[in-house]
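None of the figures in this text is laboratory data; all of them are computed from the coordinates on show. Here the structure is a predicted model, which is why all the values come from computation and not from measurement. So basically every Cβ, Gly included, is an ideal-geometry build from the backbone, and we count neighbours across all protein chains shown.
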């Protein structure tokens with residue numbers, strides 16, 4: 001097989017399998033709901049872990065920006081204290097940054113709020 005034909009086939013496959021915004025929102029929703037609410041719980045769990053799957057997916061889709069480079073896409077999501085940067089290529093997503101939590105000061109405030117709720121009950 002000629003190298004140019006092989007290159008054309010690979011390029012066509014990458015274009016055809018470049019994941020769209022719905023696929024990205026579904027992948028990120030599942031990842032957030034699984035990873036943020038596992039011990040030790042991150043502050044993200046308190047805001048995103050209690051939302052129904054469809055609502056969180058809709059919110060993530062609304063606050064995500066896609067840069068389509070034809071063969072792959074770069075996604076940026078900024079919602080509440082969550083900031084994500086990921087790459088979609090070949091029907092898969094590559095995590096380029098981890099879930100970014102809020103500052104330590106805000107995290108301490110979450111813990112204070114939890115403690116005060118426990119005292120009120």
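Hey, can you rank 24-34, 61-71 by average C-beta count inside 10 Å, highest first?
On the way: 24-34: 18.5, 61-71: 13.3.
Packing proxy ranking, top to bottom: 24-34, 61-71.
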Open item on the list: Taking R0 as 25 Å, what FRET efficiency do you get between residue 30 and residue 62 from their Cβ-Cβ distance, rounded to the nearest 0.05?
Closed with: 0.90
TODO: Report the calculated FRET efficiency for residue 80 and residue 17 (r = Cβ-Cβ distance, R0 = 22 Å), to the nearest 0.05.
DONE: 0.10
TODO: Could you calculate the contour length gain from residue 71 to residue 97, that is, 0.36 nm times the residue separation minus the distance between their Cα atoms, to one decimal place in nm?
DONE: 7.3 nm
Task: Ascending count of other beta-carbon atoms within 10 Å, so fewest first, for 4, 73, 58, 12 - done: 4, 12, 58, 73
